[in-house]
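Just below is one structure, and these are the notes that go with it.
Nothing in this text is a laboratory measurement; each read-out follows from the coordinates by a stated rule. Since this is a predicted model, take the numbers as computed values, not measurements. For neighbour counting, all protein chains shown are included, and Cβ atoms are generated from backbone atoms with ideal geometry for every residue, glycine included.
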Amino acid sequence: MASLTIRKLDDALKKRLRLRAAQNGRSMEDEARTILRRAAGEDVRAEAQAGKRRGARRSTTEQPEPAPGAGGKRALLIIGGGIAAYKSLDLIRRLRERGAAVRCILTAAAQQFITPLAAGALAGGRVFTDLFDAATELDVGHIRLARETDLVIVAPATADLMAKMAGGHADDLATAVLLATDRPVLIAPAMNPHMWEHAATRRNLVQLAADGVSVIGPNAGEMAEAGEAGTGRMAEPLEIVAAAWTFLGVAGGDQVLAGARVVVTSGPTHEPIDPVRYIANRSSGKQGHAIAAAAAAAGAEVTLVSGPVTLPDPVGVRTIRVETAQDMLAAVTKALPADVGVFAAAVADWRVEKPTASKIKKQDGGTPKLGLVENPDILATVARRNSGRPKLVVGFAAETDHLIEHAREKLKRKGCDWIVANDVSAGSGVMGGDRNTVHLVTADSVESWPPQSKEAVARALVARIGAALAGAPR
Ligand code: CTP
């Protein structure tokens, strides 16, 4: 019988064999023997069992699965193939620090950037890489990987991985798991700014958001490629952890806004003309209410000052209902001090100077002249306070044109820290609708978030606020 010399194998084959051997904690010779034995039809189940028994002697890639930690939560982290994969190693550590049990899947491309050994050592367990690995399928299987978790995180989510997700592909372990899972999925995109802006990626994002996938980042800044800058950097591990924790709704000290006091304004204001008529706008309050709910779920003590809306008061939130801008300012002032103020209300800019006590009658002659005066600017009043200003003041900018330009101008004029800018032009469906496309504008950056539900915008914003309070870069 001819002998087989590993040295004589071609380079590509040798590389694959070395990788498999490392994943399975075998020598290359042992791995080759195992493959041949399997090909010869030996009982693979027996091999998988033997593999389990060998577990103690194996590398970290085949250690038993970690049990959920103090947080009692499990996260499945799918690492895609981009330079940001190195940050995902830190993400594993950060998730485990907070008590989550982390299982990792590395795509083939991810293994060009980081090794299963490194991910496994940090996760304290076996790393999964291969859809057609018999031992994996008999032992855990992609369906169990998809289900035995509370949250699936994809970081970095490359343009290619996002395209496959949007298209429902399942030709490797990562995509098969993503298709098989019924758990929430959070993706942290990372790619070159041109790839992020490409029409195909925008289309995929819209599809993913419609499929219920939540997105954190990407952030703006310098790219790994020399001289490239723009939006495409993966969100920082702490930001991703904060978003994950908001999702998991973990009770206890790990909540991103635990102990923080948050004041939120929401809805329109009604400015009376007479006892039956008023000036108003189309705001439904959905976005502001969703933010208040998400902040409460993240452990904050929330006061929601709401204009007239038809929504129920969010659970776990102290809700104060007001009618006018003046009432709203008074209620907000009373709710201070707070760590964070989020001003999502569509406050009427003007009120009628002298609302009449009785109904204005047509017979009174002609058309009534409504003398208008400007309402107080609640956001600017709070942001410009000398004492008792919240650490973080977030405004909204509802615009129909020149969105970013106007948002930047508002940020300066009102003295707030962030502006969440949204396009409310006719046809955008934002006013009164369930979805929102926003841009997070800070003093030195603009982050464009994909279209998503107002709840998803709220969770993402709360995650960012949590990270900012924790000292992450704003
Ligand atoms: N805002 C406020 N009080 C007001 C007007 C606006 O607190 N009297 C807040 C809103 O809650 C929002 C931000 O200011 O966070 C921007 O609101 P927007 O209506 O977009 O801006 P305006 O200042 O009203 O400017 P303009 O209508 O000219 O765009």
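One chain, two ends: Ser428 and Asp274. Fully extended at 0.36 nm per residue, the span grows by 52.2 nm beyond their Cα-Cα distance.
For segment 301-368, what is the relative contact order in percent, using Cα pairs closer than 8 Å and at least 6 residues apart in sequence? In percent, rounded to a whole number, it is 25. Each part reduced to its alpha carbon centroid, segment 212-243 and segment 187-211 end up 12 Å apart.
Rounded to the nearest 10 degrees, the angle from helix 237-248 to the longest Cα principal axis of the chain is 80 degrees. The simple Förster model, with R0 at 22 Å and r as the Cβ-Cβ distance, assigns Asn281 and Arg384 a FRET efficiency of 0.35. Computed from Cα positions, the angle between helix 11-24 and the longest principal axis of the chain comes to roughly 80 degrees. Which net charge results for the neighbourhood of Ala146, defined as the other residues with beta-carbon distances under 9 angstrom from its beta-carbon, given Lys and Arg at +1 and Asp and Glu at -1? With Lys, Arg at +1 and Asp, Glu at -1, the net is +1. Ordering Thr367, Thr442 by the number of other Cβ atoms within 10 Å of each residue's own Cβ, fewest first, gives Thr367, Thr442. Taking the number of Cβ atoms within 10 Å of each Cβ as an exposure proxy, the fewest-first ranking of Met165, Met191 is Met165, Met191.
Along its three principal directions, the equivalent ellipsoid of segment 70-247 from the Cα gyration tensor extends over semi-axes of 24, 18, 16 Å, largest first. The antiparallel fraction among DSSP beta bridges confined to the chain stands at about 30%. In straight-distance terms, cross-link reach from Lys361 covers every one of the lysines whose alpha-carbon lies under 23 Å from its own, apart from those fewer than eight places away in the same chain; here that gives Lys369.
In this Cβ point-charge picture (+1 for Lys and Arg, -1 for Asp and Glu), segment 194-283 has a dipole of about 380 debye about its Cα centre. Shown for Ser445, Ser358: other C-beta atoms within 10 Å of each C-beta, ranked fewest to most, produce the order Ser358, Ser445. Using 0.36 nm per residue and subtracting the Cα-Cα separation, the extra length available between Gln363 and Ala470 on full extension is 32.3 nm. Both radii come from the Cα set of the chain: Rg as radius of gyration, Rh as Kirkwood radius; their ratio Rg/Rh reads 1.10. Projecting the Cα positions of His289, Val446, Ala166 onto the charge dipole of the chain (unit charges on Cβ atoms of Lys, Arg, Asp and Glu, taken about the Cα centre) puts His289 furthest along the positive direction.
Residue separation of Leu372 and Glu405 scaled by 0.36 nm, minus their Cα-Cα distance, works out to 9.1 nm of gained length. In a reduced charge model with +1 at each Lys and Arg Cβ and -1 at each Asp and Glu Cβ, the chain shows a dipole moment near 800 debye about its Cα centre. If you take every residue apart from Val352 with its C-beta less than 14 Å away from the C-beta of Val352, what net charge results, scoring Lys and Arg +1 and Asp and Glu -1? Summing Lys and Arg as +1 and Asp and Glu as -1 gives -1.
Under 5 Å from the amide H of Ala157 lie the amide H atoms of Ala188, Ala190, each residue being 5 or more positions distant or on a separate chain, with H modelled from the backbone and absent for Pro and chain starts. FRET efficiency for the pair Arg33 and Ala12, taken as 1/(1 + (r/R0)^6) with r the Cβ-Cβ distance and R0 = 25 Å, rounds to 0.80. Evaluated with a Cβ-only charge set (Lys, Arg +1; Asp, Glu -1), segment 122-212 carries a dipole of roughly 300 debye about its Cα centre, given to the nearest 20. In the chain, the longest principal axis of the Cα atoms and the axis of helix 85-97 are about 80 degrees apart. Please report how far the C-alpha centroid of segment 143-184 lies from that of segment 292-310, rounded to the nearest whole angstrom. The two parts, judged by their Cα centres, are 32 Å apart.
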